[in-house]
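The values are calculated or read from the model by the stated rules, or taken from the named source; none is laboratory data. Computed from a predicted model, the values in this text were never measured in an experiment. Neighbour counts run over all protein chains shown; Cβ positions are idealised from the backbone, glycine included. In case anyone asks, the SASA skips ligands and DNA or RNA and just uses the protein heavy atoms, side chains included. Shrake-Rupley method; radii C 1.70, N 1.55, O 1.52, S 1.80 Å.
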Amino acid sequence: SFIGEESVAAGEGSILTDNPTWIIDPIDGTTNFVHRFPFVAVSIGFVVNKKVEFGIVYSCVEDKMYTARKGKGAFCNGQKLHVSGQEDITKSLLVTELGSNRDPETIKIILSNMERLLSIPVHG
C-alpha cells in the first residue's frame, strides 16, 4: 500500500492497514518550502502490521540523510545518533510545531498544551 502526505492533505482518504505500506511526504515542511525557509525534507517510512519498520529523512538543504530501523538505531549520514544524557527538563530547549489546522477547537487544545509546556522553566 501507499500513503502520500500531499494526497491526504488534498482530501483523499487513507486507511492504514496491516499491509506493508510506504508512507511518503515528498515535501516535508511544505510551508517552509513555500516561504523559501530552507528547512524542508523528503520523508519516507515503511510500515508492516501498523508498526514502523524503518524511516528515512533527507534534509535537502543540509544534505543530511537520517535513517532509522526498528531495533537497529538511528543514523545521520552513516554516523550513529545518540540521545543526550540530560534528564533535567529545565535544562532543555523546547521546540514545537503548531500544525496547519485552524479549527477553533484544535487551536484551543494546542494553546492549552503550549501553556502547560511554557510553564516549565525551560531554556527556550
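Of the residues making up region 55-73, those that are surrounded by 15 or more Cβ atoms within 10 Å (Cβ to Cβ) and either under 17 Å from Pro26 (Cβ atoms) or aliphatic (A, V, I, L, M) (or both) number 9.
Taking first residues from region 69-88 that are over 19 Å from Ser43 (Cα atoms) and partners that are of a type in the set (S, T, N, Q) and surrounded by 10 or more Cβ atoms within 10 Å (Cβ to Cβ), the Cβ contacts under 7 Å between residues at least 6 apart in sequence or on separate chains come to Gln86/Ser92.
Residue by residue through region 76-88, note down the ones that are in a strand (DSSP E or B) and either on the phi > 0 side of the Ramachandran plot or open to solvent by less than 60 Å² (accessible area, probe 1.4 Å) (or both). Hit for region 76-88 is Cys76, nothing else. Ile24 meets the conditions (1) without any contact (Cβ under 8 Å) to a residue 12 or more places away in the chain; (2) within 30 Å of Ser1 (Cα to Cα) in every case but one. The failed one is (1). In region 104-124, of all residues being in a loop (DSSP other than H, G, I, E, B) and open to solvent by 70 Å² or more (accessible area, probe 1.4 Å), the one that is modelled with the highest pLDDT corresponds to Ser119. Cβ-Cβ contacts under 7 Å between residues 6 or more apart (or on different chains), taken from a first residue in region 95-120 that is free of Cβ contacts under 8 Å to residues at least 60 places away in the same chain to a second residue that is assigned to a helix (DSSP H, G or I) and open to solvent by 60 Å² or more (accessible area, probe 1.4 Å), are listed as Ile120/Ile89.
Residue-wise test of (1) of a type in the set (Val, Ile, Thr); (2) without any contact (Cβ under 8 Å) to a residue 12 or more places away in the chain; (3) in the same structural domain as Leu98 (by the TED database).
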position: Leu16; (1), (2), (3): no, no, no
position: Pro20; (1), (2), (3): no, no, no
position: Phe33; (1), (2), (3): no, yes, no
position: Val40; (1), (2), (3): yes, no, no
position: Ser43; (1), (2), (3): no, no, no
position: Phe46; (1), (2), (3): no, no, no
position: Cys60; (1), (2), (3): no, no, no
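Within region 30-54, being closer than 17 Å to Cys76 by Cβ, open to solvent by less than 60 Å² (accessible area, probe 1.4 Å) and assigned to a loop (DSSP other than H, G, I, E, B) holds for one residue alone: Val40. Screening Ser7, Ser14, Ser100 for residues that are assigned to a loop (DSSP other than H, G, I, E, B), surrounded by 11 or more Cβ atoms within 10 Å (Cβ to Cβ), modelled with pLDDT under 85 and among the hydroxyl-bearing types (Ser, Thr, Tyr) leaves exactly one candidate, Ser14.
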